[in-house]
Amino acid sequence: MKKFIAIVLTLVMALAFAACGGEKVIERDDEKTTGGATDSAKAFVFVYNNVDVPILAKADEVMPKLGEPTSKFEAASCAFGELDTTYTYPGIEIGTYQEKGIEYISYVLLKDDSVETPEGLYIGAEAAKVAELYGEPTSKTDNSVTYLTSNMKLVIFLEDEAVSNIQYFNIVLD
């Protein structure tokens with residue numbers, strides 16, 4: 001049941017990022033930083049089947065290396081421009097958006113404990129492992145910790161002293 005709730009929460013958050021509104025994507029310029037950023041833009045890169053999946057990378061440079069997804073969903077985008085696509089692979093979901101005809105990776109969601117971050121964090125790991133692997137977060141709440149870089153954030157959700165969800169997101173501004 002907890003996994004179902006985590007998946008529903010993940011989907012709701014993903015839809016919130018794709019919802020219509022006055023949001024825009026931060027420019028893909030590694031030299032620019034955002035207030036509160038703690039590391040370089042390449043600080044957190046998810047790796048799936050030995051393939052780096054960096055946030056804001058051109059999808060055509062990454063997605064073919066991952067193989068065929070188990071499912072793919074496309075929808076018109078009102079947040080980022082042209083088209084949002086969700087690719088599902090075993091254990092993960094990758095979201096993309098199009099801007100001026102180019103598809104970019106906007107998020108990666110870890111869905112279960114069959115995958116882990118390059119640092120070794122997985123869903124179900126003890127909450128204490130987060131600080132051990134990642135250090136002091138940029139921000140935290142009662143149920144999440146966030147690590148912010150110049151163009152992305154890593155959000156780790158906690159429930160009952162364990163990791164319940166791991167998400168890599170492109171940063172959006174109001």
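The single condition among (1) in contact with a strand residue (DSSP E or B) (Cβ under 8 Å, 6 or more places away or on another chain); (2) more than 17 Å from Phe46 (Cβ to Cβ) that Glu132 does not meet is (1).
Once segment 114-132 is narrowed to residues that are farther than 18 Å from Asn50 by Cα and part of a loop (DSSP other than H, G, I, E, B), the residue that is most open to solvent (accessible area, probe 1.4 Å) is Gly124.
Can you list residue pairs whose Cβ atoms sit under 8 Å apart, with the first residue in segment 78-91 being of a type in the set (Phe, Trp, Tyr) and the second being outside any strand (DSSP E or B) and surrounded by 15 or more Cβ atoms within 10 Å (Cβ to Cβ)? Count only pairs 6 or more apart in sequence or on different chains. Once the first residue is of a type in the set (Phe, Trp, Tyr) and sits in segment 78-91, its partners that are outside any strand (DSSP E or B) and surrounded by 15 or more Cβ atoms within 10 Å (Cβ to Cβ) give Phe80/Ala18; Tyr87/Met63; Tyr87/Leu66; Tyr87/Pro69; Tyr89/Leu66; Tyr89/Pro69. Can you find even one residue in segment 144-153 that is surrounded by 15 or more Cβ atoms within 10 Å (Cβ to Cβ) and charged (D, E, K, R)? Yes, the conditions are met somewhere in segment 144-153.
The values are calculated or read from the model by the stated rules, or taken from the named source; none is laboratory data. These numbers were taken from a predicted model, which means no experiment stands behind them. For neighbour counting, all protein chains shown are included, and Cβ atoms are generated from backbone atoms with ideal geometry for every residue, glycine included. Heads up: the accessible areas ignore ligands, DNA and RNA and are worked out on the full protein's heavy atoms, side chains in. Shrake-Rupley method; radii C 1.70, N 1.55, O 1.52, S 1.80 Å.
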